[in-house]
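Data block below; observations after.
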């Protein structure tokens, strides 16, 4: 029996041939590479972060599918919004998301990102994530199991491979809409006001 | 110990809730003295928590100080009642270091001012301008409805009680109508029979 | 002709470098009781980063950093001959000897420092500071060993040094080899000396501000650089190689050793690693030097 | 900065290398699936023939996740309101309180749990009839 | 470059932070001059939400208060409700609760093992530990129907009886763990690189620890055998044989040794529980959720979580809703009073190490 990555390679490539007929070969290649390598930002925004370690370490080993963690937003492709999102976190998520370079994707975990979830009547969490950030894939659960998270990634990879995941373009095109919603809950200043911002120093360090 | 506390500090008895938990309700002006008394004469040297309960109907906050012995075998609940509006309470952050953060938390959630606490900045909220959230008059669902929207698509929910009532009434009406129709049918059948005879 | 050869060298280093990175990820994955990514995952990663859009700008100096590093890596590679006793794949090594290579080895960190310093990211600057303060301690045992080798073989030419070894220097003078190996582990960025890019401390260090094409450039650079350094070590200590198979075998054994060592231990703090490198490997290398010149 | 190296502490981590020859822990997910556990709290199922439309589940749900709706289906005769529950998986937390309070025991949770979609409006879930 | 004062935020998005929180660090070079903790990124207002729900409804929400180990919350909530309502639970459910609590403690310690080893870049240990933690979660899945949020310890007992053959599987896991834990000694606890990093880092003195109300491994790491399970036994801990491990160093390494010894003790406790598990009812009869009322009274209950004393204050007001529930987890004081002091003078590379060794868990600080 084939083990490990060989098996995954087969699954990934098996899905590939079906939905790619409309793409030009350059697009196809670009999307193929994008699909095969996904860097996930190491930011546990909510309780879903507790199922991230099993997903990314040896039990479910997401690296088999080319999915691995990235330390900084500059290098990340995917930000996982793992569950509920308080205003204070939303501010940081938006800042982080805007630091990521295109193409970038958002994976939303759990009930809370869809319609408020358990915290539907909480005064400090947002209810619908899609009002503030464009979401590529929702994963069901509270918490989603590692299998669900992997399934979410596989679906995302399929969409990327087919060239359909384009939420970052949506964010740029409808920036005013998103900014309006963000300002409605966060106030005029959406970016967090750090008292000491290192960018204020002349020329950095 | 209980006797001294009753005669010197409290109006009511010390209540033994569990083997490891005593509770006493005292007036606010004796609070500091009682904590000092327990701190100096016994080994109640650790402040475990400060909590506050909002009794809006009775118009006061119940502040509870939980003080534990050094060997952690017994906890004293010292409860004192303070007013709800513009509450100003003496801070214990000089005596117990950890009180600083607990008071900061209570200040944020209830709006209680702790005099002598040098840092009462926002702890977990950011740019909060509404009523302190844990006060009873703050209705969180109302706040949510005012500021946020839920997902559409669930408007077809049926009020089951009303629907049951309606269906029952309908059924009853149906039954009665049936009954009437039956009676009428019976009557007419009877008539026909009679006529036939 | 020479251009074609250089291009071929570059291609080999690029391919083998990424292959080794893939193997590295797979082997460490096995140590961690999992399967690990596809073999060419690092290559896919770098291509994907080439395809990303650039979102940051910190001026031309920032972009110059990766380019200096890349050209440093490529020139280092060109000055290291792949095989002994032949002029095939010897690149520019006839134009420069070991001193040039040693000089070029320092160029990489320097270019890094220039680029990252202008990036404004404090974590990047901290990583560079760590790297620079560790630089001397890291290179010292290596230099001592190299001096010993040069005096033993009486030449500063890398292919001559490789050809001079009737028994490998690693076996004949193990102390020198061990001393140099400690340095080498640090140069390869492996634990316990991986203070520069520690993600939980300085946020991946120098690379933290780079994204897109420049990160891809850095990845390719490190692949090429890794292979160049491995070939250098093989030439200096493991008796060089006569064919591709021998070269791959020897570099891979060395690489395997380095990555296995790296997954056993956690990282030192910067002062600790400087102190350690100055005391243990340097002492070992000095003793090796004395023993080697004695006989 | 102080450091010390003891022999045991240097040699004992070598057992990490032994893992190379052991079987990995990994469940290679899409190809190999973990067998589902009996009693796992996944999606809802509702036996329509038993459901009495009492809305107890709606009442106990603190997440306000359950709607009682009318659908084209054959109801139980005893279903007094002729409504059946629909779950909003944008609210549900799979606590299974609703199944606990169900008088005829018609509402249950099954082992299946996978639902991945790019459309957030797909989360209104009609319990399967089984 | 060396002498420049810079301020950085360590977190909330940083690989070396123990959850969604941040520490603002004032640095000269890499030495920390001042540290300020910021939390609130996970504030959901649990204490408010609980007030809006009936007691039974509130039961499902409390386990979310601490994500790495939800069960102490459930146990605390159930204990507080039972004490207020005067419910006496059956012997079997007490044993099952202890089993769940100890399994969750073991799982939380594995998570700590992963975090602590990751903070010095020893990734293999973390990868092994998370996989071993998953074996415990598999047992939970079987017992409670969920991996992380079990919602299992119910006021009045536990929600499900043990599945068939469950105890055998627990003892099988325990014998595996006993073998496995020795491996972790080899590769991590005794690893000289960990010793070099951890010994002498983050030292807490005994007097300070006692006076400021620190709990858990912080106390035990400086020689005070403080453990709620011994000091004020709840459930059946009074009948079980176990020790409270202590160390004298007061540093990161001492706390690591304490945690490692506690894992052994947890296995030991679980063995006894499996052996002694009595037969009987698992749940007393509870009224419907709108009819279950708490008297106007208050109480203070605590359990020992994997990171120290975890306490709840609960007040009822004669209705079916809870008047006030205050959560006092171990991290509140640790993250502020302790961490802000400990970090001054430490280096940037120690931050992750110290935070992991204190086991700071942000969701329980801000609730």
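Each value in this text was obtained by applying a stated rule to the coordinates, not by laboratory testing. All values reported here derive from a predicted model rather than from experimental measurement. Please note: Cβ atoms are built from the backbone with ideal geometry, for glycine as well, and neighbour counts cover all protein chains shown.
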#### Entry: For chain C, built as a Gaussian network whose Cα springs stay under 10 Å, the top-fluctuating residue of C:156, C:228, C:73
C:156
### Query
FRET efficiency for residue D:38 and residue E:264, Cβ-Cβ distance as r, R0 = 30 Å, nearest 0.05?
0.40
### Calculated FRET efficiency for the pair residue E:167/residue B:147, C-beta based, R₀ 51 Å, to 0.05
0.50
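What shape does the protein assembly as shown have by the C-alpha gyration tensor, where a ≥ b ≥ c are the square roots of the eigenvalues, rounded means a/c under 1.5, and otherwise prolate means a/b greater than b/c and oblate the rest?
Prolate.
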### Query
So which residue, out of D:25, D:115, D:76, gets the largest mean-square fluctuation from a GNM of chain D using Cα contacts under 10 Å as springs?
D:25
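At a threshold of 8 angstrom on Cα-Cα distance, excluding pairs fewer than six apart, so keeping six or more, what relative contact order does chain C reach in percent? Let's see the in-between values first.
Numbers: 477 pairs, mean separation 81.5, N = 295.
Relative contact order of chain C: 28 percent.
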### Message
Could you tell me how far the Cα centroid of region C:279-295 sits from the Cα centroid of region C:44-92, in Å?
### Response
34
#### Entry: Averaged over E:347-354, number of beta-carbon atoms from partner chains that fall within 10 Å
5
#### Entry: Selected from B:137, B:90, B:146 as most flexible by GNM, with chain B as the system and alpha-carbon contacts under 10 Å
B:146
### Task
Sticking with the crude label model, points 7 Å out along Cα→Cβ, report the distance from residue B:56 to residue E:33 in nm, one decimal please.
4.7
#### Entry: Nitroxide proxy distance, nm - points 7 Å out along Cα→Cβ at residue B:27 and residue B:12
1.6
#### Entry: Shielding by other protein chains, E:302-312, mean Cβ within 10 Å
2
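With an 8 Å cut-off on Cα pairs and a minimum separation of 6 or more residues, tell me the relative contact order of chain E in percent. Mind showing how you got there, number by number?
Values: 681 pairs, mean separation 98.2, N = 367.
Taking the mean separation of contacting Cα pairs over the length of chain E, I get 27 percent.
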### Query
Separation between the residue C:86 and residue C:283 pseudo-spin-labels, each 7 Å from Cα along Cα→Cβ, expressed in nm?
4.4
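Remind me, relative contact order of chain B in percent, using alpha carbon pairs under 8 angstrom and six or more residues apart? Please list the in-between numbers first.
Values: 235 pairs, mean separation 24.7, N = 197.
Answer for chain B is 13 percent.
Using helices alone, I'd like the mean residue ellipticity at 222 nm for chain E: each DSSP H run of four-plus residues gives -39500 (n - 2.57), total over residue count, nearest 500.
Values: 14 runs with 163 residues, N = 367.
Rounded to the nearest 500, the figure is -13500 deg cm²/dmol.
Just rank E:65, C:67, fewest to most, by other beta-carbon atoms within 10 angstrom.
Result, fewest neighbours first: C:67, E:65.
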### Task
Kindly work out what percent of the DSSP beta bridges joining two residues of the protein assembly as shown are antiparallel, to the nearest 5.
75
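Taking the highest mean first, how do the peptides E:120-133, C:243-256 order by number of other beta carbon atoms within 10 angstrom per residue? Walk me through the intermediate numbers first.
Details: E:120-133: 25.3, C:243-256: 16.8.
The densest-packed peptide leads the list: E:120-133, C:243-256.
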### Query
For peptide A:81-92, how many partner chain Cβ atoms fall within 10 Å of a residue's Cβ, on average?
5
### Query
Under 20 Å from a point 7 Å along the Cα-to-Cβ line of residue C:172: which residues of region C:252-295 have their amide N that close?
C:285-295
#### Entry: Using a Förster distance of 25 Å, the FRET efficiency for residue E:279-residue E:178 (Cβ separation, nearest 0.05)
0.40
